[in-house]
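**Q** Please read through the structure below; I'll follow up with questions.
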Amino acid sequence: MNYSDDTTPPTATGVSGNATYWTNQNVTLSVDGAADSGSGLASEAYSFSTDANTNYWQASNTKTFEENCTVYIKVRDNDGNILDLGSQTIQYIDKVKPSSPDITGIPTSWTNQPYTLHAHSTDDASGMWAYSFSSIEFPGEWTFGEDKQMSEGGVFYVYAIDNAGNVSPPTAINVSMFDDVAPAINSIDVSESTEEDKVKYTVDATDDNSGIASYSFDGGTNWQQNNYADVDADSTTNQVKVKDNAGNIGTETVSSGVPQLMRSSTKSARKAPGKSTPVPSPCPLSRLRRFMPDWAMKASSSTKTSHRFRSTMVPTARAAPTSLCLTGT
């Protein structure tokens, strides 16, 4: 059959494959449904050219592009008839990573309150999509917007991702001024005060983060830097507080009738040295502190007990044993 009189160009249903949203992948265009009922399609029937005036013929009906461009697409038959399918503009390829984020909002003084980090990156193509504030050197959960409220300290790696899925190099930050852990009150020692009707409290406390700032021996009304104070001997309950430099407060409640007992025994000792005073019932074993003078330590050496004893240093008279219950709050 002679197709020398074929003047009809091929037909095709269309072109597919162009990206309609941002991507960091290549784009492959495809000519769909090409056919020719006359001379038939040429062995190299397809042209995908970025030059409107030049054709580059190939056998495959697809072609892949790595960057944005305008592609002019044609199909030909064996008699040289050409179907012009127009052009496809590839405009959503973005393979460039955003810039490493600039970070502001890092606390510069000790705090125990939530704080807000602000991240900002630039991207000249698809634009920014989200940020990740990760505790490991790998992106985690993505946060939309540039602000992230934080409630912990440590080293964080901040990433940015654009609308095409490109991830920036991380920006590492160290939030070293955050502390939400209260000081630990290890013990409260009680001893005789130089003031009448008083006992002396001495606090042993530690804080491994921001450090200890002050102490209160009246439930937080007044604060001081010294870790000791004289309190009323007839008080049955005292609340000792320790504050760190971030504002966290550790609390220990000292509950006992012993301060009153010490007050009574020392007064009676002045009137009639050697008089004995009844010892109050001990507190629960799990939180008991006992303080005894040297003579009481010797007297009790033959008594089996699971408690630890400490001298209260009463030089002028034999005071009764002192017991303290510590209840942490």
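**Q** I'm checking my understanding of the structure. Among residues of region 90-109 that are open to solvent by 70 Å² or more (accessible area, probe 1.4 Å) and in a strand (DSSP E or B), which one is farthest from GLU44 (Cα to Cα)?
**A** THR104
**Q** Scan region 174-184 for residues that are of a type in the set (A, V, I, L, M, F, W, C) and open to solvent by 30 Å² or more (accessible area, probe 1.4 Å) and jot them down.
**A** MET177, VAL181, ALA182, ALA184
**Q** Go over the candidates THR171, THR251, THR202, THR206 one by one and state the one that is surrounded by fewer than 21 Cβ atoms within 10 Å (Cβ to Cβ), within 29 Å of GLU146 (Cα to Cα) and modelled with pLDDT of 95 or more.
**A** On the way: THR251 fails: within 29 Å of GLU146 (Cα to Cα); THR202 fails: within 29 Å of GLU146 (Cα to Cα); THR206 fails: within 29 Å of GLU146 (Cα to Cα).
Within the list THR171, THR251, THR202, THR206, the selection yields THR171.
**Q** Separate question: Could you list, in sequence order, the residues of region 209-238 that are without any contact (Cβ under 8 Å) to a residue 60 or more places away in the chain and either in contact with a Gly (Cβ under 7 Å, 6 or more places away or on another chain) or closer than 18 Å to GLN113 by Cβ (or both)?
**A** ASN209, GLY211, ALA213, THR236
**Q** Please go through region 31-67 and give me each residue that is more than 16 Å from ASN81 (Cα to Cα) and crowded, with 17+ Cβ neighbours inside 10 Å, ordered by number.
**A** VAL31, PHE48, SER49, ASN61, LYS63, PHE65
**Q** Only residues that are in contact (Cβ under 8 Å) with a residue 40 or more places away in the chain, open to solvent by less than 70 Å² (accessible area, probe 1.4 Å) and not in a loop (DSSP other than H, G, I, E, B): list them for region 1-30, please.
**A** Result: GLY14, VAL15, THR23, VAL27, LEU29.
The values are calculated or read from the model by the stated rules, or taken from the named source; none is laboratory data. This one's a predicted model, so the numbers in the text were calculated from it and none came from an experiment. Positions of Cβ are backbone-derived with ideal geometry, glycine not excepted, and every protein chain shown enters the neighbour counts. Note: accessible area is taken over every heavy atom of the protein model, side chains too, but ligands, DNA and RNA are not part of it. Shrake-Rupley method; radii C 1.70, N 1.55, O 1.52, S 1.80 Å.
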